[in-house]
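Q: Let me give you the structure first, and then I'll get to my questions.
The values are calculated or read from the model by the stated rules, or taken from the named source; none is laboratory data. Note that the structure is predicted; figures quoted are calculated from it, not measured. All Cβ positions, even for glycine, are placed from backbone atoms using ideal geometry, and neighbour counts span all protein chains on display.
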There are 2 protein chains.
Amino acid sequence: MRTLAQDVPKQLDREIEVSGWVHRIRELGQVNFVLLRDRSGLVQLVFNDKIDYTPETVLTVKGLVKANDKAPGGAEIHPTSVTVLSRADQNLPVQVNQDPDKYPLEVLFDNRFLSLRMPKLRAIFQLQSALLKYLSQFMHTEGFFEMKTSKLVGSGAEGGTGLFSVEYFENKVFLAQSPQLYKQGMISTGLERVFEISHAYRAEKHDTPRHINEYVSFDVEMAFIESEVDLMNFEARLLDFVFTQVGQNNQAELELWGATVPAPGAMLKAPVVGHDEAKDLITKITGKKVFEINPEGERALSDWALETHGVDLVFINDWPRKKRPFYTYPTADGTKTHSFDLIFRGLEITSGGRRINEYAMLLDNLPKFGMTLEGLGAYPTIFQYGCPPHGGFAIGVERLTQKILGLANVKEASPFPRDRKRIAP
Amino acid sequence: MRTLAQDVPKQLDREIEVSGWVHRIRELGQVNFVLLRDRSGLVQLVFNDKIDYTPETVLTVKGLVKANDKAPGGAEIHPTSVTVLSRADQNLPVQVNQDPDKYPLEVLFDNRFLSLRMPKLRAIFQLQSALLKYLSQFMHTEGFFEMKTSKLVGSGAEGGTGLFSVEYFENKVFLAQSPQLYKQGMISTGLERVFEISHAYRAEKHDTPRHINEYVSFDVEMAFIESEVDLMNFEARLLDFVFTQVGQNNQAELELWGATVPAPGAMLKAPVVGHDEAKDLITKITGKKVFEINPEGERALSDWALETHGVDLVFINDWPRKKRPFYTYPTADGTKTHSFDLIFRGLEITSGGRRINEYAMLLDNLPKFGMTLEGLGAYPTIFQYGCPPHGGFAIGVERLTQKILGLANVKEASPFPRDRKRIAP
C-alpha cells in the first residue's frame, strides 16, 4: 500500500512504502540523501551506502519513517528495501531539479517531457486543471449545458482569415476558430444556456507573448439577456467563484510562482468603462494620446482599476462597430455595439457581447463586413426559425492561467504549445 | 422576472412572466391553446382570440396562472400581454413538434438547428452534458489532473493510417487520433494521474452505425498500476458513479427514450472474460464458430453478462498481441497483452490496457508493427527519462450516450456529426 510523499510525516515510526522519481541526490560520504518526488511533493530518503540511482530513476521504497526537522515536512525514510521500476539515462538534456529560469524557453519546450517534471512548471498544469474544474463546476451549477461541437467547419466565424485547412476525404474544410456559430445555434434549439471547453485554432503568423496558434477556449452563450451588462455580471460571478476556489485550494501552486488571485468578492467590484472613456483614461494616465487601446493602454487600465476599485480587472464595453465581428449587436444609434472585453492584469482574457438575433439586421450588416449570406452556410437560418435575444463570451484558458501565475509568455501555459515553427513534441 | 415552464404550477393564481418557443398550436374557435417550450419543459397558454404566431416564434408572455388538470403540470397561463421576441418563418423544413422518427436521419442532420429543438433529440444532449459533468467530477474527486493536449501532431498514435492532414503554415501535420502519447508523457512528468476530454479524429472511410470521423474521447492514464486489472476496477467504479448519478438526475431524458441505466452497484459486478474464453462463449451461445469477436458476438456476450451477472456490461482482457497497438504491454509469455475492452449493450465503448514503459521492450516491439523509432518523434524519450508502470483507457462519449439511450446510430449522439460526406452544418 503506497503512501504519498505529503502523507509521510503522519506515519512517524511506521514502516511504509513510497514510489516516485529521484529528484535530487546529496552524498556526504557516511550519510547520503535522495529526495524522492511524487505527485504530492518530496520525501527524503536516507542511505548509508553510496547512491547508485541516477536522477529521474523511478523507485519504490519501503522503510521506516523517522522525524527530522531538516527534511521536507519534518520526516524522512530509512529504507529497508528499494525496487528500481525504471532507470533514467545518465545525461538528461534538462536537469529537473534546477530552476526553469536557467534554461531558454525554447529548450524547455524542445524537452517538454522532461521540463514539465520541474515542480514549478508542473504547477502550471496543476493550476490549469483546477481552473478547468472550477469553470465547469460553476456552469453546471448554474444550469448550463456542456456541449462539444465540431471543430471541422466550412468557413470561419470571424471572417475567413487566419484559418488552417484540413484535407477531409474529397473535401477541404477548416479548423474552427471558435464555436461561435454553433453556440448560437445551440441556445436557439431551446437549450438556452450552453458552454464548451475545447480547442480553437488561429492561423496567425505573428509570434508574440500573447498569442498561440492552438488554444483552449472556454465558451459561454445564454439566451434571454437584455444586454451585455447581463453577460458582464455573469462573468464577474463566474470568475469570483474561480478565484475564490483557487485561493482556497491552490496555494501551493500560487506560492511557487509568488502569485495571488483577487480576494473573494473583489471581482464583483471590477469597473466597467466605455471604449471611448477608456481611451481618455489611458491618455490621462500615461500622458500619451492614444488612437487604439494597445497593450500599454491595457496595462495602464488594469493598474488604474487596482488603485481605484481594488481589483486588477476592468471591463471595456461600447466598442465601435467596425472593431467587432459581424454578428455583434449594434447600439440603437448604430455607431457602437453591445460588446465588451475583460482585461486582467494588462491582458485581454475575454471578448463577448450580445449577438444579432434578427435576420433582417444580419442581412443589413453583412455587406459592411464584405460578407455574404452564402459564405455562412446554415448559420443565418437560425434567425429564420425564431431566435431569442442572446449573447455570450469566451475566456482563453491559457491566458487566464498565464495572468494568474504571472507567466511572461502565454505559450508557457500550454503543455505542448504550437506556434508557426513549433509542431513538436 | 422570468418563471421557467417547470415552475409555473407552483405559482397558482399569481401573475407571472414566461418566455419560450411556440411548440404547438391548437385552435378550437372560442378557446385556443399555445404550448410554449423553454429549456425546462412546456407550459400551456390559453387565448380567446385567434393565434397569430407561427410555430417556433419566440414569445415573452405575462399572465395569470390557473389550475387545469389537462394542462402540462396541472396549470396554464391566461395571458395579459404577449411580446414577440423573434418571428419564425411560415414553412419550416422540419416540424419540431413531431416525432423525429417521422424523418430520415439525413433530413434531421441537414436541418440540425431545427431538429435539435425536438424535445427527444434535445434530450440526447442534455444527457450528454450530464455525462461530461459526472465523468469529470469523478476524476477530479479521485485526484486526477485534467489536461488539454495538442491535437496537431506529427504522426499517429495507432500506426499512421487513418489520419487527416492539416496545412500548418509551411508544414503538414495531422489531427490527433487520440491523446495517447501525450497522456503517457504527462503521467511520466510526475502528474501520475491525468484525464482529458477532447475531440479525436479518425479518417476511416467506412460508414457504419458505430463509427464517426470526429468524436469526443474521454481519456484516462494512471501511473503505478500492477496490471490492467487495476484499470478495469477503476473504470467500473467510475461508470458505477456515472450510471448512479444519471439514474438519479436524468430520469426525464431516460424516459423520453424508454431507457434505463444499470442500477447502483451493478457495474461493479461486470464479469471479466479472457479473449479466447470470450470466443468460446460466443460459439457456445450462438452455436456458430467464431474467428473474431464481431458485433454479433459482442451482443451475445452482453446478453450473457446480463443473464449471469445482472449487468449488460462485460470486460474482455488478455487480447492477442497483434490485435493491439504497439504500445501495449505483453504478458510474460509474450503471446497476449495486458489489455481490455469494455462492451456495453453489444458495443465496445472502451479500449485500454497497461502500456510498455521500458525502452528496450519498446525497441523490441516496434519492428513487429512495421514501425521505427524515428517515426515516433520525442515519444520514446519518455522511457529513457524514468517512467513508472502505467496504463489507461478511453471511453467514446458518443458511444456511451448512444448505448445509454438506445440510439440506433452513434452519429445521433453528436450535435453536428461528421462523416465522409457530411461536413455541414
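Q: Restricted to the range A:309-330, and to residues that are surrounded by 15 or more Cβ atoms within 10 Å (Cβ to Cβ) and closer than 17 Å to residue A:364 by Cα, which residue is farthest from the chain's Cα centre (by Cα)?
A: So the residue we want is A:330.
Q: While we're on this one: For the range A:266-301, how many residues meet the condition of being within 23 Å of residue A:335 (Cα to Cα), free of Cβ contacts under 8 Å to residues at least 60 places away in the same chain and among the β-branched types (Val, Ile, Thr)?
A: 5
Q: Please specify each residue of the range A:142-156 satisfying the condition of being more than 9 Å from chain B (Cβ to nearest Cβ) and under 14 Å from residue A:220 (Cα atoms).
A: If the condition is that a residue be more than 9 Å from chain B (Cβ to nearest Cβ) and under 14 Å from residue A:220 (Cα atoms), then A:142 is the only one that fits.
Q: Can you list residue pairs whose Cβ atoms sit under 6 Å apart, with the first residue in the range B:217-244 being within 22 Å of residue B:149 (Cα to Cα) and the second being part of a strand (DSSP E or B) and of a type in the set (A, V, I, L, M)? Count only pairs 6 or more apart in sequence or on different chains.
A: Within 6 Å, the pairs are B:217/B:200; B:217/B:394; B:218/B:197; B:218/B:395; B:219/B:394; B:221/B:194.
Q: State which residue is farthest from the other protein chains (Cβ to nearest Cβ) when the search covers only the range A:383-398 and only residues that are in contact with a Phe, Trp or Tyr (Cβ under 8 Å, 6 or more places away or on another chain) and within 17 Å of residue A:200 (Cα to Cα).
A: Ranking the qualifying residues of the range A:383-398, first place goes to A:393.
Q: Could I ask something else about it? On the basis of being farther than 21 Å from residue B:282 by Cβ and touching a residue at least 24 places away in the same chain (Cβ under 8 Å), does residue B:315 make the cut?
A: In short, no.
Q: Now for a separate question. Looking only at the range A:209-246, count every residue that is of a type in the set (A, V, I, L, M) and away from chain B (no Cβ under 12 Å) and tell me the total.
A: Qualifying residue count, the range A:209-246: 9.
Q: Another question about this same structure. Where residues in the range B:16-29 are without any contact (Cβ under 8 Å) to a residue 60 or more places away in the chain and assigned to a strand (DSSP E or B), which of them is farthest from residue A:191 (Cα to Cα)?
A: Restricting to residues being without any contact (Cβ under 8 Å) to a residue 60 or more places away in the chain and assigned to a strand (DSSP E or B), the top hit is B:27.
Q: A further question follows. Any idea which residue in the range B:1-24 is farthest from residue A:384 (Cα to Cα), counting only those that are within 14 Å of chain A (Cβ to nearest Cβ) and surrounded by 19 or more Cβ atoms within 10 Å (Cβ to Cβ)?
A: By that ranking, first place goes to B:3.
Q: Something else about it: Looking at the range A:130-151, is at least one residue outside any helix (DSSP H, G or I), of a type in the set (Ser, Thr, Tyr) and touching a Phe, Trp or Tyr at 6+ places or on another chain (Cβ under 9 Å)?
A: yes
Q: Here's something else I'd like to know. If you go through the range B:79-133 one residue at a time, how many are over 17 Å from residue B:55 (Cβ atoms), within 12 Å of chain A (Cβ to nearest Cβ) and not aromatic (Phe, Trp, Tyr)?
A: 13
Q: Kindly indicate whether any position in the range A:350-367 is away from chain B (no Cβ under 14 Å), of a type in the set (Phe, Trp, Tyr) and surrounded by 16 or more Cβ atoms within 10 Å (Cβ to Cβ).
A: No, the conditions are met nowhere in the range A:350-367.
Q: For residue A:20, work out the one condition from (1) closer than 30 Å to residue B:380 by Cα; (2) in contact with a His (Cβ under 7 Å, 6 or more places away or on another chain) it doesn't fulfil.
A: Looking at each condition in turn, residue A:20 falls short on (2).
Q: I'm told residue A:172 meets every condition in (1) basic (Lys, Arg); (2) in a helix (DSSP H, G or I); (3) over 22 Å from the mean Cα position of the chain (by Cα) except one. Can you identify the failing condition by its number?
A: Every condition holds for residue A:172 apart from (2).
Q: When the range B:193-211 is examined, which residues are found to be crowded, with 24+ Cβ neighbours inside 10 Å and either modelled with pLDDT under 95 or acidic (Asp, Glu) (or both)?
A: Of everything in the range B:193-211, just one residue is crowded, with 24+ Cβ neighbours inside 10 Å and either modelled with pLDDT under 95 or acidic (Asp, Glu) (or both), namely B:196.
Q: Sticking with this one: Test of understanding: among B:288, B:284, which residue is of a type in the set (Lys, Arg) and not in a loop (DSSP other than H, G, I, E, B)?
A: Testing whether each residue is of a type in the set (Lys, Arg) and not in a loop (DSSP other than H, G, I, E, B) leaves just B:284.
Q: What do you reckon, is residue A:144 farther than 17 Å from residue A:254 by Cα, modelled with pLDDT of 95 or more and aromatic (Phe, Trp, Tyr)?
A: Answer is yes for this residue.
Q: If we only count strands (runs of 3 or more DSSP E) wholly inside the range A:305-412, which ones have 2 or more residues that are small (Gly, Ala, Ser), at pLDDT 95 or above and within 26 Å of residue A:154 (Cα to Cα)?
A: Hits in the range A:305-412: A:347-355, A:390-396.
Q: Residue check, residue B:53 against (1) within 11 Å of chain A (Cβ to nearest Cβ); (2) out of contact with any strand residue (DSSP E or B) (no Cβ under 6 Å at 6 or more places or on another chain), all met but one. Which one?
A: The number of the failed condition is (2).
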